[in-house]
1. Pairs please, first residue from the range B:282-295 and without any contact (Cβ under 8 Å) to a residue 24 or more places away in the chain and over 20 Å from A:Ala115 (Cα atoms), second anywhere and open to solvent by 10 Å² or more (accessible area, probe 1.4 Å) and among the aromatic types (Phe, Trp, Tyr), Cβ atoms under 8 Å, 6+ apart in sequence or on different chains.
2. Residues being open to solvent by 10 Å² or more (accessible area, probe 1.4 Å), under 23 Å from B:Asp157 (Cβ atoms) and not β-branched (Val, Ile, Thr): count how many of those fall in the range B:100-128.
3. Which condition breaks for B:Glu218 when tested against (1) out of contact with any helix residue (DSSP H, G or I) (no Cβ under 6 Å at 6 or more places or on another chain); (2) in a helix (DSSP H, G or I); (3) of a type in the set (D, E, K, R)?
4. Give the range B:163-188 a look and list any residue that's open to solvent by 10 Å² or more (accessible area, probe 1.4 Å) and in contact with a Pro (Cβ under 6 Å, 6 or more places away or on another chain), or say none.
5. Mind counting the residues in the range A:88-97 that are in a loop (DSSP other than H, G, I, E, B) and within 11 Å of chain B (Cβ to nearest Cβ)?
6. Starting from the range B:334-361, take each residue that is surrounded by 13 or more Cβ atoms within 10 Å (Cβ to Cβ) and list its partners that are outside any loop (DSSP other than H, G, I, E, B) and basic (Lys, Arg), counting only C-beta distances under 6 angstrom and pairs at least six apart or across chains.
7. What pairs come up if the first residue lies in the range B:87-113 and is closer than 20 Å to B:Ile40 by Cβ and modelled with pLDDT of 95 or more, the second is assigned to a strand (DSSP E or B) and of a type in the set (S, T, N, Q), and their beta carbons are under 8 Å apart, counting only those six or more places apart or on different chains?
8. Any residue that is open to solvent by 10 Å² or more (accessible area, probe 1.4 Å), over 30 Å from B:Gly179 (Cβ atoms), away from every other protein chain (no Cβ under 14 Å) and not polar (S, T, N, Q) - is there at least one of those in the range B:364-386?
Amino acid sequence: MRFKVIGMVAALALAVTACESTSESGAGASGSGGAGVTPLPAAEPLPLKDQFVVDVGDRVFFSFDRFDVEPDQKKVLDRQAAWLKKFSSVTVTVEGHADERGTREYNLALGERRANAVKEYLIYLGIDAKRIKTVSYGEERPVALGSDEAAWAQNRRAVTIVTGPGS
Amino acid sequence: MTIRAMYMPEKFTLKTLAPLVALLAVVALLGEMRTARAEITIDITRGNVEPLPIAVTDFVGQSATASRAGQDIAGVIAANLERSGLFKPIDRKAFIQSAGALNALPRFGDWRVINAQALVQGRTEVVSDGRLRVEFRLWDVFSEQQMIGLAYFTVPDNWRRVAHIISDAIYKRITGEDGYFDTRIVYVSEQPKDAKGVGRNKLNPFGKRLAIMDQDGENHRFLTDGTTLVLTPRFSPTLQEITYMSYFRNNPRVYIFNIDTGRQEVLGDFPGMTFAPRFSPDGKKIIMSMAKDGNSEIYVMDLRTRVVRQLTFHSAIDTSPSFAPDANQVVFNSDRGGSQQLYVMDNRGKNVRRISFGNGRYATPVWSPRGDLIAFTKLSGGRFFIGVMKPDGSGERLLAEDFKIEGPTWSPNGRVLIFYRKGRTAKDGSGGASKLWSIDLTGHNEREIPTPMDASDPAWSPLIP
């Protein structure tokens, strides 16, 4: 707890830029996890983190104000668990998100619940808890724009990001 | 900083104002209160009051500097009073007696003719040490009595603050309650979708930055540069510090920003996300949520001893805590009953009781500085509302409604709320503008507060000490 001074704003910039690898690289991918991505020639295999997005599917979706992983979404997490067993050195961060139809602070807590629900399910499927971090972004990083149910459904999500060492 | 008394022709009292930024005003009451009570009053507890017609004349100065300051001060006072919704400044083109001629006693008949009920006159002067001397008098036009007279010394650059202090004095003399003009607002500035420039990166897609300004939108400045996502700033009672949430290094945690030094310091060393911070009324503690393993609980941290106490122990989402002004109770929202509702507990986490029972979800409660009400955000039927209720949950009143409005914050006198309103976003990302709005506790006088860019998460300061 004795975190001391963080310093001035300028110093923040550098440090944050260095962290971009943890952000959601598959933001453009739809719920099916990779439709429309052009396969690259076999000679140039995708980095692991991109393989994960394309071959496995990086995200699950939630109902309004819910954080339980629904049956049709579990298939995605089953594939994620199988893949993580295959690439056993890979670590991930699960990012939890909410739509804009809640209050900001509650949505931070809700995003945390969603990320944790995915983590718990992956642990249940045999993945070591130490390989999985979680972070909540609440409603702060929508992937779909538009104030309608179609966009909100896309934004109520938990996205698994490969953070290391595979890429 | 020096305090200097001034010669008063009549009986006077001396008051001093503590400085905000290395400057000081000396206050002296000019003249004698000849009336025990003012004839003109405004009852601000009523619903839609008829604004009081008031004539705010240019403060008269002999030098160019003093004259300019006098006009500027009068302009700010008139604008403050008008914005309160309780006063109606009279168009100066209607004035019969010139401001210069007011140096003698007002010709009250000239002011009655134009239906002014109150008259504000003043003088400005740059004195020998370079400071600005500002005096003003408030007159009851019908009884022909002086209601208040005050004088201030300050550095000339500080004329705007003097105008706010005078506005508060006028407001208090006529309404009987403290004003709220000498205050600031901290909030989160956002970049509209197509904005260029600083901010707006992948980690902070809306370019959110902390910003601070006077309550009227002036003296605006940014406190952070937009590389890091920041949320929910709140003032300490001293105004020297702001607590907020930052995603610095992608670790969402509660921070403290020191306004004087610009330093940002993470609060504590918690194993999970900390968020939803607010200072205790004495500024010595911060109450907030910490999320661990998916569960959010409320904690309070003593800023000196760094001792942390957990107040809630429940698998539900417990967040958005706010102390009562006496610090004995805390209001927060929780979904422990199945949906998001407001609860009150004592400051040790005991005696938890639900206070909201209407249709819908209740969120972001904040206790009025007067202690008599709790403001909240309500979600019902796909709409958002700003409302208030008594601390026992009775007397719920909804003041504003829209697609998305959230995050009320109280004026220090507990009479006005500021919140933010966000519009609908189109598929292409256009629209969705977010702005700050104020509304009287009566539900009247809703107004936008101008900001350079989009704005959210407002927090209103106490009166500047």
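1. Within 8 Å, the pairs are B:Lys285/B:Phe279.
2. The total comes to 3.
3. Tallying (1) out of contact with any helix residue (DSSP H, G or I) (no Cβ under 6 Å at 6 or more places or on another chain); (2) in a helix (DSSP H, G or I); (3) of a type in the set (D, E, K, R), B:Glu218 fails exactly one: (2).
4. Passing the criteria: only B:Tyr180.
5. The number of residues fulfilling the criteria is 0.
6. Filtered contacts from the range B:334-361: B:Ser339/B:Arg361; B:Gln340/B:Arg361; B:Gln341/B:Arg354; B:Tyr343/B:Arg354; B:Val344/B:Arg353; B:Gly360/B:Lys378.
7. Going by the 8 Å Cβ cut-off, there are no qualifying pairs.
8. No, the range B:364-386 contains no residue that is open to solvent by 10 Å² or more (accessible area, probe 1.4 Å), over 30 Å from B:Gly179 (Cβ atoms), away from every other protein chain (no Cβ under 14 Å) and not polar (S, T, N, Q).
The values are calculated or read from the model by the stated rules, or taken from the named source; none is laboratory data. Only a predicted model underlies this, so the values are computations on that prediction, with no experimental measurement involved. FYI the Cβ positions are ideal-geometry reconstructions off the backbone, even for glycines, and counts take in every protein chain you see. We work out accessible area using only protein heavy atoms, side chains counted, and drop any ligands, DNA or RNA first. Shrake-Rupley method; radii C 1.70, N 1.55, O 1.52, S 1.80 Å.
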